[in-house]
Amino acid sequence: MWKRQMAYQDHIIEMSQLVQAKNGAWDGIDPEAVARMRLQNRFKTGLEIAKYTADIMRKDMAAYDADPSQYTQSLGCWHGFVAQQKMIGIKRHFGTTKRRYIYLSGWMIAALRSEFGPLPDQSMHEKTSVPALIEEIYTFLKQADARELGGLFRDLDAARKAGDAAKEQQIQDKIDNFETHVVPIIADIDAGFGNAEATYLLAKKMIEAGACAIQIENQVSDEKQCGHQDGKVTVPHEDFIQKLRAVRYAFLELGVDNGVIVARTDSLGAGLTKQIAFSKEPGDLGDQYNSFLDCEEIDPAQVGNGDVVITRNGKLLRPKRLPSNLFQFREGTGVDRVVLDCVTSLKNGADLLWIETEKPHVEQIASMVDRIREVVPNAKLAYNNSPSFNWTLKFREQVFEEWTKEGKDVSAYDKSKLMSAEYDETPLGIEADQKIRSFQADSAKRAGIFHHLITLPTYHTAALSTDNLAKEYFGDQGMLGYVLGVQRQEIRKGLPCVKHQNMSGSDIGDDHKEYFAGEAALKAGGVHNTMNQFA
C-alpha cells in the first residue's frame, strides 16, 4: 500500500540536516525550497503512480461492494491539458477527487492523436501513442499539483510576513493534507494490437507510464471495430484468456500487484468469428464457443471442397462461412455469449467487466449481470455511457413504451418525432430526462455498474465550444464574441485558466529562479505582468 507522504516540516528538517552535513559547501541551498520542490513532485515515476492509483481503485471497489451508491465515474480525455482542467474543476467544485477517474479512449487517440491524421476506431493508430498519452496526462496532473501547492506556499510566506501565526499553521495543515490531482486512469488497449506477446509488451509500456487499469476487448486485433459499429469479430475464449494473462504478467513483473484488468465483451453486437475454437471434449470451453455457430447438418457425402466441418452429439455439422472467410453465430445468441464471456473472464483473472450494449437500458444490463452473478456473486462492471447513444431519443422511447404498457394516454406524442424540441417540457420529456439523470445511480444499484464513464465527451465539448466561438467571433460580435462567451465567463466563474500564464507554469518558473539566483532572479510575475488584471 502507498505510504503517507512526509509532512512539510519533516522535509525541511531532513534537508537542513543534510545541508549542514556538507560543511558549508551547500550553504546556497535553502532546505525549505527543497521541501517545496519535493512536495510539488510527489510522484517520481509512472510506476509509483500505477501502484498508488491501483490501491485507490481496489479501495473503491471494496467500498462499492459494501454500498452500491459508492460508484465511480470518469470522463474520456484526449490531451493532458483536458485531463488537468477536468481534475482542477472537480477539486474546485467538489473539494475532492474521490471516486473520480480518467478514461483514456482508443477511439479518441485514433481520431485525434495519430500521425496519420484522423482515423476510425480500428486499431490503425500507432500503439505507442497510448502510453505516450498516459504519460502526458500524468505530466499535466502533476503540474496541477505543483501549481496549487505553489499558491499555498505563497500564502504561507504572506502569513509569515504579516506575523499571523494562526494563519500560518492553517496553511501548513492544508499543505500537509494536500490532495493530489493524480487519479486512476482506465486505459484502452483495444484488442491488444497483435498477439499475446504484443499485448504484454504494450501493457508494460502503459503501466510504466502510470496506468493502473487496462481495458481489453475480445475482438480480433486485425479486424477490430468500434464497439458501436457493425462488422465486429470475436475470438475464442482461450485466445482472449492468453491476453488477460499477458496483461496480468505485465502488472506483476513491474510490481503493480493490485493492477486492474477490465475485460470487455463485444459479443452482444458481434455476430462473427474468425476461428472455430479448439475443443478436446464435449462441454469444454471451445465446445461451448462453437455451440453458438450457425451450422447445418450434412451427410458426409455432402462435404465439398474447402468445407470446414465439426461434429456435435454424433452429428456432422457445417458452420456457415461467409465470402469474407468468417463464420457467423446464430441470431439471438448474443446475450448467452456475453454471459459466457464474462464468467470466463472473471474466472481467468479479470477484475471488472465491460459489456458493450446498443442502448443505455438498466434492465437490459441487469438481466445479463444477474446471470453472471449466479456464478460470480461480486461481478462488477465498467459501463460506457457512450455519446454513440442518442440518449434523449432512447429514454423518450423507453418512457413511451412504459406508458403504453401501463395503459397511459400517449396520443399527444408522435413516436416517430420524439426528438422534437416541442416535447422538451412535456411530462414525457421531463420523465425521460429524470431517467437520464438517475441512470448512473440506478444502474449502479440494480445492474452492478461500479464505474460509469463517457468515452468521448471532451471530443464533443471541444467541437461545440469552438463552433460557438467561431460563429460569434467571425460574425457581427467580433471580439465581443470571445469576451462574452469565453473570458467574462472564465472570470465570473473563477476558472483558474483565465490566468493562462500561471496555468502554463510561469509562477513555478519564477519560484525556481528565486531558488537558483536569489535576489538576482529576473522574474516574469512583476508589476507589469498583464495577468495581474485578473487578480
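The values are calculated or read from the model by the stated rules, or taken from the named source; none is laboratory data. All values reported here derive from a predicted model rather than from experimental measurement. We place every Cβ from the backbone using ideal geometry, glycine too, and count neighbours over all the protein chains shown.
Just a few scattered comments:
- In the range 108-142, the residues that are closer than 23 Å to residue 218 by Cβ and either aliphatic (A, V, I, L, M) or touching a strand residue (DSSP E or B) at 6+ places or on another chain (Cβ under 8 Å) (or both): 108, 109, 110, 111, 119, 124, 130, 134
- Scanning the range 94-128 for residues that are in a helix (DSSP H, G or I), surrounded by fewer than 18 Cβ atoms within 10 Å (Cβ to Cβ) and modelled with pLDDT under 95 yields a total of 0.
- Residue list for the range 195-204, restricted to those being under 13 Å from residue 128 (Cβ atoms) and either over 22 Å from the mean Cα position of the chain (by Cα) or surrounded by fewer than 19 Cβ atoms within 10 Å (Cβ to Cβ) (or both): 198, 201, 204
- Only residues that are of a type outside the set (A, V, I, L, M, F, W, C) and over 14 Å from residue 39 (Cβ atoms) were counted in the range 165-180, giving 4.
- Candidate set: the range 487-535, residues that are within 18 Å of residue 37 (Cβ to Cβ) and either loosely packed, with under 11 Cβ neighbours inside 10 Å or of a type in the set (Lys, Arg) (or both); chosen: the one nearest to the chain's Cα centre (by Cα): 513
- Annotation note: Cβ proximity below 7 Å between a residue of the range 402-422 that is closer than 20 Å to residue 361 by Cα and a residue that is surrounded by 10 or more Cβ atoms within 10 Å (Cβ to Cβ) and polar (S, T, N, Q) (sequence gap 6+ or interchain) occurs for 419/392.
- Qualifying residue in the range 407-414 (condition: in a helix (DSSP H, G or I), more than 15 Å from residue 447 (Cβ to Cβ) and among the aromatic types (Phe, Trp, Tyr)): no
- Qualifying positions in the range 255-301 - among the charged types (D, E, K, R), under 23 Å from residue 190 (Cβ atoms) and assigned to a strand (DSSP E or B): 264
- Any hit, the range 398-413, residues being under 28 Å from the mean Cα position of the chain (by Cα) and loosely packed, with under 15 Cβ neighbours inside 10 Å: no
- For the range 439-523, the helices (runs of 4 or more DSSP H) that sit wholly inside it and include 1 or more residues that are in contact with a Leu (Cβ under 8 Å, 6 or more places away or on another chain) and within 30 Å of residue 262 (Cβ to Cβ) are 457-473.
- Residue satisfying all of: in the range 245-291; over 30 Å from residue 53 (Cα atoms) and among the aromatic types (Phe, Trp, Tyr); farthest from the chain's Cα centre (by Cα) among these: 278
- Here is the figure for the range 310-349: residues that are hydroxyl-bearing (Ser, Thr, Tyr), more than 14 Å from residue 289 (Cβ to Cβ) and either part of a helix (DSSP H, G or I) or modelled with pLDDT of 95 or more (or both) total 0.
- Which numbered condition residue 520 fails, given (1) modelled with pLDDT under 90; (2) touching a Ser or Thr at 6+ places or on another chain (Cβ under 6 Å): (2)
- Residue within the range 370-383 that is more than 31 Å from the chain's Cα centre (by Cα) and without any contact (Cβ under 8 Å) to a residue 60 or more places away in the chain present: no
- Whichever residue in the range 123-148 is of a type in the set (A, V, I, L, M) and under 18 Å from the mean Cα position of the chain (by Cα) and, among such residues, is nearest to residue 511 (Cα to Cα): 141
- Matching option when the condition is modelled with pLDDT of 95 or more and outside the structural domain of residue 373 (by TED's automatic domain parsing), among 478, 494, 509, 526: 478
- Which numbered condition residue 449 fails, given (1) under 25 Å from residue 77 (Cβ atoms); (2) surrounded by fewer than 17 Cβ atoms within 10 Å (Cβ to Cβ); (3) at pLDDT 95 or above: (2)
One line per residue, one yes/no per condition, for (1) surrounded by 14 or more Cβ atoms within 10 Å (Cβ to Cβ); (2) under 28 Å from residue 255 (Cα atoms); (3) over 17 Å from the mean Cα position of the chain (by Cα); (4) at pLDDT below 95:
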position: 17; (1), (2), (3), (4): no, no, yes, no
position: 34; (1), (2), (3), (4): yes, no, yes, no
position: 53; (1), (2), (3), (4): yes, yes, no, no
position: 56; (1), (2), (3), (4): yes, yes, no, no
position: 60; (1), (2), (3), (4): yes, yes, no, no
position: 66; (1), (2), (3), (4): no, yes, yes, no
position: 87; (1), (2), (3), (4): yes, yes, no, no
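Here's the yes/no breakdown for (1) surrounded by fewer than 15 Cβ atoms within 10 Å (Cβ to Cβ); (2) at pLDDT below 95:
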| position | (1), (2) |
| --- | --- |
| 238 | no, no |
| 252 | yes, no |
| 281 | yes, yes |
| 308 | yes, yes |
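- Any hit, the range 375-384, residues being out of contact with any Asp or Glu (no Cβ under 7 Å at 6 or more places or on another chain) and at pLDDT below 95: no
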